1. Got at least one residue in region 71-89 being in contact with a strand residue (DSSP E or B) (Cβ under 8 Å, 6 or more places away or on another chain), within 28 Å of Met19 (Cβ to Cβ) and among the hydroxyl-bearing types (Ser, Thr, Tyr)?
2. If Asn124 satisfies every condition in (1) surrounded by fewer than 20 Cβ atoms within 10 Å (Cβ to Cβ); (2) under 18 Å from Ile170 (Cα atoms); (3) not small (Gly, Ala, Ser) but one, which is the exception?
3. List the residue pairs whose Cβ atoms are under 7 Å apart, where the first residue sits in region 25-46 and is over 11 Å from Pro96 (Cβ atoms), the second is of a type in the set (Gly, Ala, Ser) and surrounded by 12 or more Cβ atoms within 10 Å (Cβ to Cβ), and the two are 6 or more positions apart or on different chains.
4. Can you confirm whether region 50-60 contains a residue that is among the acidic types (Asp, Glu) and either farther than 26 Å from Gln29 by Cβ or surrounded by fewer than 20 Cβ atoms within 10 Å (Cβ to Cβ) (or both)?
5. Within region 96-110, restricting attention to residues that are part of a loop (DSSP other than H, G, I, E, B) and in contact (Cβ under 8 Å) with a residue 12 or more places away in the chain, which residue is nearest to Phe138 (Cα to Cα)?
6. Could you figure out which of (1) modelled with pLDDT of 90 or more; (2) not in a helix (DSSP H, G or I) isn't true of Tyr113?
7. In region 151-169, what count of residues is obtained for those that are assigned to a loop (DSSP other than H, G, I, E, B) and exposed (fewer than 12 other Cβ atoms within 10 Å of the Cβ)?
Amino acid sequence: MTPEKAQGIDQIKDIHDQMADLTFQYWMQHSHFSTWQFWVNLLLLILPLVILYKYLDWKHALLLGFYGFNIHVWFHYIDSFGVTNGYWNYPHKIVPFLSVNVALDAAIVPVCYMLLYQWITSRNKNYYVYTTLLSGAFAFILKPIMVYAGLFRMYEWVNYFYLFVFYMVIVLVSKWITDLFLFLQERQKNSHPKPDQRPMQTDKEEEQFNIDVILPPKGKFT
């Protein structure tokens, strides 16, 4: 690494260190354990996970968990992008060293979409209609409540409609990735049948097979 590059990296690190110190100082003054915002955020983290444990269809836990993890990952990416670039911020957080709201990223958003996805697939409902409704509820109901309570702030050109678009991108990408892996899994099953599987037989063939097993043909042992 050239000295110029090293100096640039060191400057970025120094700025990050200063931001981390300022963030921690702010958290200690306005968001630590004695504030009601801390306990609200903690409740919003724990309660959805308890609900998920109670109502998740554990027979399809792998599929639902894969879908929910997609929601979590893509939401976290977009949320981190917005905070890092100064488009929005969370004035009160559970932990000061994370830029995003853990309750939203790890609990509220993925759990709500997971349970909705479970309901949609079990009742054969339209995914795009109901996820659009939930995304609208997040963007136009939940986020204004958070703004009113001082738990969320927007800057620059960002408004609730853009937040709605971000939510829609998340649910679309998560659905398409989940469907892709389901397709690949099904194709793998069809291309590699189980060894103990034999072709379907007619009733007459099945009857002859049973007779041969019980009474071998003449000359079998001669």
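1. yes
2. Answer for Asn124: the failing condition is (2).
3. Gln37/Ser31; Asn41/Ala103; Leu44/Ala103; Leu44/Ala107; Leu45/Ala103; Leu45/Ala106; Leu45/Ala107
4. Just the residues of region 50-60 that are among the acidic types (Asp, Glu), to begin with: 57.
Right, trim to either farther than 26 Å from Gln29 by Cβ or surrounded by fewer than 20 Cβ atoms within 10 Å (Cβ to Cβ) (or both) and you get 57.
Yes, the conditions are met somewhere in region 50-60.
5. Taking region 96-110 as the starting set, the residues that turn out to be part of a loop (DSSP other than H, G, I, E, B) are 96-101.
So of that shortlist, the ones also in contact (Cβ under 8 Å) with a residue 12 or more places away in the chain come out as 96-97, 99-101.
Details: Pro96: 24, Phe97: 25, Ser99: 20, Val100: 16, Asn101: 14 Å.
Of everything passing the filter in region 96-110, Asn101 is nearest to Phe138 (Cα to Cα).
6. It is condition (2) that Tyr113 fails.
7. Residues of region 151-169 assigned to a loop (DSSP other than H, G, I, E, B): 151-152, 155-159.
Subsequent filtering for residues that are exposed (fewer than 12 other Cβ atoms within 10 Å of the Cβ) retains 155-157, 159.
Qualifying residue count, region 151-169: 4.
The values are calculated or read from the model by the stated rules, or taken from the named source; none is laboratory data. Since this is a predicted model, take the numbers as computed values, not measurements. Using ideal geometry, Cβ is built from the backbone for each residue, glycine included, and neighbour counts are taken over all protein chains shown.
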